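Notes follow once the structure below has been shown.
Derivation of every value follows stated rules applied to the coordinates shown; laboratory data play no part. Note that this is a predicted model, so its numbers are computed, not measured. No Cβ is skipped: glycine too gets one built from the backbone with ideal geometry, and neighbour counts run over all protein chains shown.
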Amino acid sequence: MDYQFKDIEKKWQRFWAENETFKAENNSSKPKYYVLDMFPYPSGAGLHVGHPLGYIASDIFARYKRLKGFNVLHPMGYDSFGLPAEQYAIQTGQHPAITTETNISTYRRQLDQLGFSFDWSREVRTSSPDYYKWTQWIFMQLFDSWYNNQTDKAEPIDSLVRHFEQNGSAGVNAVCDDDVLSFSAEEWKTLSYRDQQTELLKYRLTYLRESTVNWCAALGTVLANDEVKDGFSERGGFPVEQKKMMQWSMRITAYAGRLLSGLDTIDWPEPLKEMQRNWIGKSVGALVKFRMSDFQFRNSEKSDAEIPTSEIIEVFTTRVDTIFGATFLVLAPEHELVPSLTTAEQKKVIERYIAQSKKKSELERMADAKTVSGAFTGSYAINPLNDEKIPVWIADYVLAGYGTGAVMAVPSGDQRDYLFAKHYDLPIVPIIDIQNIEKEADPTKEGRYINSGFINGMNYKEATTALIAKLEEMGAGKAKINYRMRDAIFGRQRYWGEPVPVYFKDGLPYLIDEQELPLILPEVDKYLPTESGEPPLARAKGWGYHLASGKARGSAKVSPPIGGGDLEGAEPVVYEYELSTMPGWAGSSWYWYRYMDADNDDAFASKEAIDYWKDVDLYIGGSEHATGHLLYSRFWNKFLKDMNLAPEEEPFKKLINQGMIQGRSNLVYRLIDDLGRGTNTFVSHAFRNQYQTSPLHVDVNIVENDILDIKKFKEWRPEFENAEFILENGKYVCGFEVEKMSKRYYNVVNPDDIANRYGADTLRMYEMFLGPLEQSKPWNTNGIEGVFKFLRKFWKLFHDDKLNFSVVDAEPTKQELKSLHKIIRKVEEDIERFSFNTSVSSFMIAVNELTDLKCNNRAILTDLVVVLSPYAPHICEELWTMLGHQAGTLSYVPYPKFNPEYLVEDEFAYPISVNGKTRMNLNIPLNFEPSAVEAFVLGNADVQKYIDHKAPKKVIVVKGRIVNIVI
RNA sequence: GCGGAAGUGGCGUAAUUGGUAGCCGCACCAGACUUAGGAUCUGGCGCCGCGAGGCGUGGGGGUUCGAGUCCCUUCUUCCGCACCA
């Protein structure tokens, strides 16, 4: 029989599904291996040919690991909450759950037809209540926790409460809001329950904070950053303004240090780690306090400890060693001290400057990076180390959100400060002997300090240490590590997301009872905000938290169950739920645990399952998630570890970014008439510049090797029915361009079409054949024929000329064994280093060789089927059963053992080079020692001709590699 | 501006430790079979040259018997960040 890929593929896909061939067990004597793909958002467009790239690679790896004797977990699911479904719902009124369901079935069908070895019994969907119950549960754990800097981990909030009860706020070293109170144990106990809760909220790992959001009044909704383009909504182009709103936030900054140091322990691509490092943005430096001078404040006879904070400017610097060169301070215009520092004379100037910088959009501020602007407050501060009075300015090059929002300006060492000083004629003091500040600032750390008081003569290291010690002694500063990263906003004013398991009482948030989980997303009449601007959930009728009087719901109680005594005996009351929903990254920040135990009703996954699978051994996905998903997931994982709910500090041991598959668009060139109108005549690529033409995208599916199928073109769109063409060599040649794969460029290639025409095995191998997995590349269907031909040739090895199955039981020949063992070794090496493209060409070489040898040896072909099966599983399963094996066993047979003996050669065709240039090859036995090789080579007549019978200066012989004669 | 990745035939790519540059395909050319094929097979295919030969891994320089690979320098493309104190 001929290679009937359609029948074969359908047959095996059904077999695998019916027999649950790839179901993984949660306990096994085999070692575990967890291969994970980044789960997709099921969009309405379905998969294009670029999406499965990573899935194919991970599937090959998973199948290979099974052959290597591992118990492999290879699951798939859907990140099914998200904006597109909601947007569609707003437009059509259709519930997003319905669109999501439809899209998921499309995805499932498309994934199934590619022959992936997923364990579908573990499928997860983030939008399913069984799943988001546990997303909500983890949120609750975060709410009930604080970060203890002393133990460097998160702890239950109870431990903080106990500390407050025993010692008050003294000795607490926590990651918390800036405005926490200082109190004694007694004072704490006298606080009302509500006041206690208010205070605790400042410590919780998820907390309420006033944050700025993108508010679009016309759409009546909050937009995500990527929905805003240059201050206007991407959809509709309505103006977007920054608006302050109370938002849920996650105290991810508590984990900044661990998120950074953990990067050194994981095998991820270096660029991606670098992105996370930049995002976290650690800088080591010092906080320094500058007292305000008596110039502004009448009495400054006070010691530092007595000075109210409003009279101290705190700056963060990474170069505390340059402090003697600080000739002025600069505050961000938004800095809270600016109004009190501004003198009456300067008030107008300052106010004008603030107004002006507020007007600037972020874009303008960026474009404006080179212009210097600022304003003097009229006040002076005192440098704590030399008591010099220096002026305080404001300028928008200082960002309110970074560090303390204030800098000490050292114009000799910092270019921005230098430009500022030049512009406003402020002093520039050199502080290092070798510093050259003629034309620009010199940030050198080499040399010795000058003009720098007690650090004069010291080097950088000595000075830094001495200064920090001195500042600490004076109480005027301390060493400080600062991070660029900010706490993450954890809420959206949207419908299609996880409801936040929180209700409000007296304006304070409380967790709902754990028994009430999941808090189901309610039905609403419209998916838009209310007229008063509240999120869509405000439309849900009768949706509120029914706090029982203690009996009605059994153990129903308010969480946190701390200190509250005012709930007893009350009538059931309905409290308002939180109306925002969780952001897109909530559900994806822990999903790999759910796969371990997807049906568990009692826990997000059982302890046994988590202890068995532990972490993800291989994670494949796109680099676009570098600072989003991959950072949040690491954060939640560390938190779960602190709570003893997860065993490993890092969730993804090894990670690979598959490259993006770009689109390759085809263009036709339409002739333009004198009036600039498009005609119905099209000019072939070579002649496009000889006429007035305009390029037009054409569907890549009616173009082959850049030759336009004219007949299909005429059918493509009615207006082209009578199109005329100016051809080259009788053909219409299209131009091409590499751009995003998108409907509007008509360059989308659908995997369904390819699978229909060539089969899934061909598609899988071709996607790998395109090039290295990590590399981005344009999709070009040209070339797929080569892979298709290869599979047919492979099929033919097992069949005679009449296409009857025909293999022989005989002793394999030496050459057959050599071909086989070359590929056994090669594929093993390639897969281990994720070089899938090179395996495919090696398979081609092996099959070419075996075809030339007319090999139909059963032993050889049996092993070859196993080696190829991770790449082309369907055809291999079919041949495997034809070879007489039981159906379905192929996935778990041992990978063939490589035997190096079969590759041993006794002769080698040495390349003979003269002065580094290869001239010929000579067959020389491999057991010849270098001296014998040299003698043999120099004895050769052709060699003598090349070296002109002269005595060589030197002969280099690398055994088994090369001979180089130097003359 | 800073950080990262990458530049090899007409195209996708290969060369795993410094050791024959272009494997394997696509496209193309020639041929075989075939009453003109989206079939199969054979041969050719980096560039210049009839050939001998010369030149070739973005450009320039260096180390080495030998460099796509190592070092310096420079250009280009892509990605990320963007006044970060």
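May I ask you to derive the FRET efficiency for A:Met1 and A:Lys793 from their Cβ-Cβ distance with R0 = 22 Å, giving the value to the nearest 0.05?
0.90
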Answer in debye to the nearest 20: the dipole magnitude of the stretch A:827-873 about its Cα centre, from +1 Lys/Arg and -1 Asp/Glu charges placed on Cβ, is 200
The set of residues whose placed amide H lies less than 5 Å from the amide H of A:Ser80, leaving out same-chain residues fewer than 5 positions away, is A:Thr126, A:Ser127
Dividing the alpha-carbon radius of gyration of the stretch A:1-100 by 2.2 N^0.38 Å, where N counts its residues, gives 1.42
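Computed from the mean reciprocal separation of all distinct C-alpha pairs, what Kirkwood hydrodynamic radius does chain A have, in Å?
34.1
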Restricting to Cα pairs under 8 Å and 6 or more apart, the percent relative contact order of the stretch A:747-818 works out to 19
Quick calc, chain A, dipole around Cα centre from Cβ unit charges on Lys, Arg (+) and Asp, Glu (-), nearest 20 debye, gives 2000
Ordering A:92-105, A:264-277 by per-residue average of other C-beta atoms within 10 angstrom, highest first, gives A:92-105, A:264-277
Checking rank on A:525-532, A:670-677, with mean other Cβ inside 10 Å and highest first, the result is A:525-532, A:670-677
For chain A, longest principal axis from Cα atoms; helix A:784-797 axis from its Cα atoms; angle between them, nearest 10 degrees, is 50
Among A:Gly771, A:Ala755, A:Val124, the residue whose Cα sits farthest towards the positive end of the charge dipole of chain A (+1 at Cβ of Lys and Arg, -1 at Cβ of Asp and Glu, taken about the Cα centre) is A:Gly771
Taking placed amide H atoms and a strict 5 Å upper bound, the residues 5 or more places from A:Met920 or on another chain that come that close are A:Ile912
About its Cα centre, the stretch A:836-967 carries a charge dipole, from +1 on Lys and Arg Cβ atoms and -1 on Asp and Glu Cβ atoms, whose size in debye to the nearest 20 is 640
Restricting to lysines and to Cα separations under 24 Å from A:Lys731, and discarding same-chain partners fewer than 8 apart, the set is A:Lys711, A:Lys712, A:Lys714
Taking A:25-37, A:434-446, A:808-820 and ranking on average Cβ neighbours within 10 Å, highest first, one gets A:25-37, A:808-820, A:434-446
Beyond 18 Å (Cα-Cα) in this structure, taken from A:Lys133/A:Lys653; A:Lys793/A:Lys814; A:Lys814/A:Lys854; A:Lys445/A:Lys470, we find A:Lys133/A:Lys653; A:Lys793/A:Lys814; A:Lys445/A:Lys470
Quick calc: nm separation of the 7 Å Cα→Cβ label points for A:Ala686 and A:Lys30 -> 5.8
Those GluC sites (Glu not before Pro) from the stretch A:829-929 that are DSSP loop and have at most 12 other Cβ neighbours within 10 Å turn out to be A:Glu905
Taking the dipole of chain A about the Cα centre (Lys, Arg +1; Asp, Glu -1; charges at Cβ), the one of A:Met1, A:Asn459, A:Ile138 that reaches farthest to the positive side is A:Met1
Filtering trypsin sites (Lys or Arg not before Pro) in the stretch A:686-747 by DSSP loop and by at most 14 other Cβ atoms within 10 Å leaves A:Lys740
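Quick check: residue separation of A:Leu696 and A:Thr679 times 0.36 nm, minus the Cα distance between them. What number comes out in nm? Kindly include the intermediate steps, with their values, before the conclusion.
Details: separation 17, 0.36 × 17 = 6.12 nm, distance 1.21 nm.
Extending this stretch completely gives an extra 4.9 nm.
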Farthest towards the positive end of the dipole of chain A, among A:Ala62, A:Gly281, A:Val933 and with Cβ unit charges of +1 on Lys and Arg and -1 on Asp and Glu, lies the Cα of A:Val933
A student applying the Cα gyration tensor rule (rounded when a/c is under 1.5; otherwise prolate if a/b is larger than b/c, oblate if not) would label the stretch A:71-188 prolate
